[in-house]
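Notes for the one structure printed next.
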Amino acid sequence: MREATPLCDRLGIPYPLFQAPMAGVATPELAAAVGQAGGLGGLGLGATAPEHWAALLARYQALCSAPLHLNFFCHAPPSTDPNRDQAWLSACAPLFEALGAAVPPTLSPPYEPFSALEDLEAPLKSLRPGVVSFHFGLPRPDQMDTLRRLGQRLLVSVTNLDDARVAEAAGVDGLIVQGREAGGHHSVFSGQAEGSVHSTEAFLRALRPQTGLPLVAAGGVMTGQALRKLLDAGADAVQLGTAFLLCPEASTPPAQRARLQRAKGEKTVLYRGFSGSPARGLANRLFHHLAGACPAEVPPYPLPYDLSKRLAAAAPAGALEDLSVCWAGEGFEALRELPAATLVRALLEEARLSQGKRIGVHDA
């Protein structure tokens, strides 16, 4: 028997399984189903304007009283470079022209970073104590103070040792250890441009001796056996995202659902050109065009994402699989099309963990 871990003692979150708070895909209904089944549900608010937060939180709290994990984007405001951005637009013009759509005149950030926001207490005042995590960097110190005053524990996603040290020095309560297998955006912020180069397990084993902070392992986890392996390797909890994409409670776009259901034998790619930050997804026509035709200098996140979203909006339904991003982690072929609560219970059973059992108080 292993003693109770710091995640239980210091975060007060006794769940071995976190559902990744995937922006645009994780819904209050998905998070609530996970929470009711013995995991920690998550909502990504990085791409959602603050005036809409309260409604999303109310939907969750009407369904579930368990703690909730919220995630925000802390990317640096993108720099402007008309020549660089115009070169990117020109290279993407054939994709728009083939659809009979106008090429956007400029690249614009589709949403603000968390660090640009003020008055967090108003939209979050009804939030029960839980976890708030950050992607692409850290918030301002005064924002961290506000969240702590609201009873939140603060985590940050990291993909390398340098970022882990920066985060720990800033006083976060724990680290989400993101390996190269992770689908969607990899959280890089202190100078490393290409995402994680380590597997989730290798990064976890390298980081565990260097910090006393709670560690949540993330990246390519699709089964309870893989979850258990990471717990035994030193993780305090394990976060799964891709595993929930086919759950009926997730708002995964129909084109992405269809692609994931059919893409057996395909490989995922880790690529910056989709959004300006390294992100893992399935290769398609959009990827091959961007990788082959676009300039080597990629505009910073989230400027290219604006272009990707506009292209998807212009594409007819039959072309969406080829012209929209399809985020997915390695191992996506093991996806199960199950209700979220059923999936959580299956994962916990496979990992030989009881529903809602405290992490670290299980047979080793």
Task: Local electrostatic count at ALA255 - Lys and Arg +1, Asp and Glu -1, tallied over other residues with Cβ under 13 Å - done: +2
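Pairs of lysine in the chain with Cα under 25 Å and at least 8 positions apart or on different chains: total?
4
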- [ ] Count the net charge of all other residues whose Cβ sits under 11 Å from the Cβ of LEU175, scoring Lys and Arg as +1 and Asp and Glu as -1.
- [x] -2
Open item on the list: Can you compute the helix-only [θ] at 222 nm over the chain? Use -39500 (n - 2.57) per DSSP H run of at least 4 residues, normalise by all residues, nearest 500 deg cm²/dmol.
Closed with: -9500 deg cm²/dmol
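Read-outs throughout are calculated quantities, based only on the coordinates presented, and are distinct from any laboratory measurement. All of these numbers come straight from a predicted model, not from anything done at the bench. Using ideal geometry, Cβ is built from the backbone for each residue, glycine included, and neighbour counts are taken over all protein chains shown.
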